[in-house]
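The values are calculated or read from the model by the stated rules, or taken from the named source; none is laboratory data. These numbers were taken from a predicted model, which means no experiment stands behind them. Cβ atoms come from the backbone with ideal geometry, glycine included; neighbour counts cover every protein chain shown.
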Amino acid sequence: MNPDITNLKQLQEADREISRLSQEIAALPRRVALIEAKLAESQARKEKAQAGIKAADAARRKLESQIQDLQQKISRYRDQMLGVKTNQEYKALTHEVDFAQQQIGEAEDKILESMIAADSLDKELKTAESELKAETAAIEKEKVEARSCAEEDEKLLAEWKAKRDGLRHSISPDTLRHYDRVLKLRGTGLAEAVDHKCSACQLMLRPQVYNDVRTNQQIVICDSCHRILWYDPSRDAEAPRQEPAVPAETASPPAGQ
């Protein structure tokens, strides 16, 4: 096989691995960001529950303060009722007491509702804290694994780049320039010839061109996609074997002639 073809096949493999590894490494920040976003969601659920509990506590304290104020008003009204001289004044104070007691009842109902809501929020908080703790451990482990994978990719990338540099020095300049040009345009610079066609663009190759490619002794370029063509000799062994045609037997002349 032409040394350039052998080296180009290895070079294309190296270029593919370098591209794959580079993409994986470039994707790491996005992967870590997604991992951290999952943790942020759990943290947000915890903070929301905490904020709800804090708001419920503040509302309850405000209502309790209002009840105390109303109780003090009722006490003052009742003290005043002891000194009134007319039924009209007495009824007015009685009305104020009743109204204050009504407000106390409403406030107590709201406190009860607030306490029920606080119990529910407390359960949500405990669930969120438990989930956050579990997810934090899992996510930290995932981040460590992601960074470890990236470090391994960096190591492999350096190895493949070194291999690629060595291969590039072993290929003739003209062939290498053509390969680079097509690689940049098409994503690959080589294509295997299979069943009389370029496997990349499916162009049917002329018989002589296909025969030239099968020798792997010269650089043959696809007329359509301009990739450098090569042939795998093992395909010859895979081709179905055809039995040679058996010639028809010549008829024997009649006896006596």
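Assorted remarks:
- Among helices (runs of 4 or more DSSP H) entirely within the stretch 131-239, having at least 2 residues that are surrounded by 18 or more Cβ atoms within 10 Å (Cβ to Cβ), over 27 Å from the mean Cα position of the chain (by Cα) and of a type outside the set (Asp, Glu) singles out 173-186, 207-215.
- Residue check for Ile116: more than 37 Å from the chain's Cα centre (by Cα), in a helix (DSSP H, G or I) and either without any contact (Cβ under 8 Å) to a residue 24 or more places away in the chain or in the same structural domain as Ile228 (by TED's automatic domain parsing) (or both): yes
- Failed item in (1) free of Cβ contacts under 8 Å to residues at least 60 places away in the same chain; (2) out of contact with any helix residue (DSSP H, G or I) (no Cβ under 6 Å at 6 or more places or on another chain); (3) of a type in the set (Val, Ile, Thr), with Thr136 passing the rest: (1)
- Flag if Gln50 is assigned to a helix (DSSP H, G or I), over 38 Å from the mean Cα position of the chain (by Cα), under 30 Å from Ser120 (Cα atoms) and at pLDDT 85 or above: no
- Among (1) touching a helix residue (DSSP H, G or I) at 6+ places or on another chain (Cβ under 7 Å); (2) assigned to a helix (DSSP H, G or I), the one test that Thr127 misses: (1)
- The set of residues in the stretch 70-91 being closer than 30 Å to Ile116 by Cβ and surrounded by 14 or more Cβ atoms within 10 Å (Cβ to Cβ) consists of Leu70, Lys73, Ile74.
- So Leu63, is it touching a Lys or Arg at 6+ places or on another chain (Cβ under 8 Å), surrounded by 13 or more Cβ atoms within 10 Å (Cβ to Cβ) and at pLDDT 85 or above: yes
- Some residue of the stretch 92-100 being exposed (fewer than 15 other Cβ atoms within 10 Å of the Cβ), within 30 Å of Gln71 (Cβ to Cβ), acidic (Asp, Glu) and in the same structural domain as Ser42 (by TED's automatic domain parsing): yes
- Condition broken by Ala33, with the remaining ones in (1) farther than 30 Å from Tyr90 by Cα; (2) surrounded by 13 or more Cβ atoms within 10 Å (Cβ to Cβ); (3) out of contact with any Ser or Thr (no Cβ under 6 Å at 6 or more places or on another chain) satisfied: (2)
Results for (1) at pLDDT 85 or above; (2) not aliphatic (A, V, I, L, M), shown as yes or no for each residue.
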{"position": "Leu93", "(1), (2)": "yes, no"}
{"position": "Glu96", "(1), (2)": "yes, yes"}
{"position": "Gln101", "(1), (2)": "yes, yes"}
{"position": "Glu106", "(1), (2)": "yes, yes"}
{"position": "Ile111", "(1), (2)": "yes, no"}
{"position": "Ala118", "(1), (2)": "no, no"}
{"position": "Glu131", "(1), (2)": "no, yes"}
{"position": "Glu140", "(1), (2)": "no, yes"}
{"position": "Glu145", "(1), (2)": "yes, yes"}
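- Cross-chain or 6+ apart pairs with Cβ under 9 Å, the stretch 53-78 first and outside the structural domain of Tyr90 (by TED's automatic domain parsing), then surrounded by 13 or more Cβ atoms within 10 Å (Cβ to Cβ) and of a type in the set (D, E, K, R): none
Residue by residue, here is whether (1) closer than 26 Å to Asp153 by Cα; (2) not assigned by TED's automatic domain parsing to the domain that holds Ala118 holds:
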{"site": "Asp4", "(1), (2)": "no, yes"}
{"site": "Leu8", "(1), (2)": "yes, yes"}
{"site": "Leu11", "(1), (2)": "yes, yes"}
{"site": "Ser22", "(1), (2)": "yes, no"}
{"site": "Ala27", "(1), (2)": "yes, no"}
{"site": "Val32", "(1), (2)": "yes, no"}
{"site": "Glu41", "(1), (2)": "no, no"}
{"site": "Ala44", "(1), (2)": "no, no"}
{"site": "Ala49", "(1), (2)": "no, no"}
